[in-house]
Amino acid sequence: MSTIRKLVRDNRGFIAFMLLFALFRTAIADYNPIPSGSMHPNILEGDVVLVNRLAYQLKVPLTDIIVARLGEPRRGDIVTFSSPRDGTRLIKRVIGLPGDVVEMHGKRLSINGRAADYQAVGLAAEAAGVLALRMHEQTPGGRPHDVQWLDHRASIADFGPVTIPADHYLMLGDNRDNSADSRYIGLVRRDELIGRATRILVSADITGNWLPRFDRFGMSLYE
């Protein structure tokens, strides 16, 4: 018996488990480690988020072939998707839906002619000791959530108006002055969506002391 055949025979249970785990991750549910601060203040570097891959569509395991649509993204959903620019997996918030007209001026969103409501929350520590202004944002028809801006960057966030075509979505990071989102990578096609992030599984302070942040374990990403 060849070495390879013996290796497979002796480890067939482990191999079967790994194959089933890979199928589960690519078709049903997945986890996504967060390496950057583009979703501050809601998702931090070192968070690992749970992603529901069946939220919007069923795909053939290990492929991007869509078998059936199972749901529609809502404004305010946090989603993972493949970047239309280079295929990198990203996590952002859905802001513009098909048919919407979206614009941002003076860092204030407007959707279909209706301006988002804002309420000051406070300050947050950003990279290199810079302080960011935290605001509570309520988009028309969307989920309320916190965002943050770096006050000294006056117009980096401005764009539009942009009309969202069918089966496309406009994504923004909650850290509005530090996010490579639709302002840079363009609109995201529906077939590029991976799934809907639902909660934080585990978390560690990877930019500091690497200790677990137990208060974030199991935390929902929605109010």
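The values are calculated or read from the model by the stated rules, or taken from the named source; none is laboratory data. Remember, it's a predicted structure, so these values are computed and weren't measured experimentally. Glycine also receives a Cβ, built like all others from the backbone with ideal geometry; neighbour counts cover every protein chain displayed.
Odds and ends about this structure:
- Within segment 62-82, residues that are within 10 Å of residue 93 (Cα to Cα) and in contact (Cβ under 8 Å) with a residue 40 or more places away in the chain reach partners that are surrounded by 12 or more Cβ atoms within 10 Å (Cβ to Cβ) and of a type in the set (S, T, N, Q) with beta carbons closer than 8 Å, at six or more positions or on different chains, in the pairs 75/139; 76/139; 78/42; 80/32.
- Selection from segment 174-214 of residues that are at pLDDT 95 or above, of a type in the set (S, T, N, Q) and surrounded by fewer than 17 Cβ atoms within 10 Å (Cβ to Cβ): none
- Looking across 160, 122, one residue alone is in a strand (DSSP E or B), out of contact with any Lys or Arg (no Cβ under 8 Å at 6 or more places or on another chain) and at positive phi. It is 160.
- Extreme residue, nearest to residue 33 (Cα to Cα), among residues of segment 85-112 that are modelled with pLDDT under 95 and in a loop (DSSP other than H, G, I, E, B): 88
- In segment 59-114, residue surrounded by the most Cβ atoms within 10 Å (Cβ to Cβ) [restricted to those that are touching a strand residue (DSSP E or B) at 6+ places or on another chain (Cβ under 9 Å) and among the hydroxyl-bearing types (Ser, Thr, Tyr)]: 80
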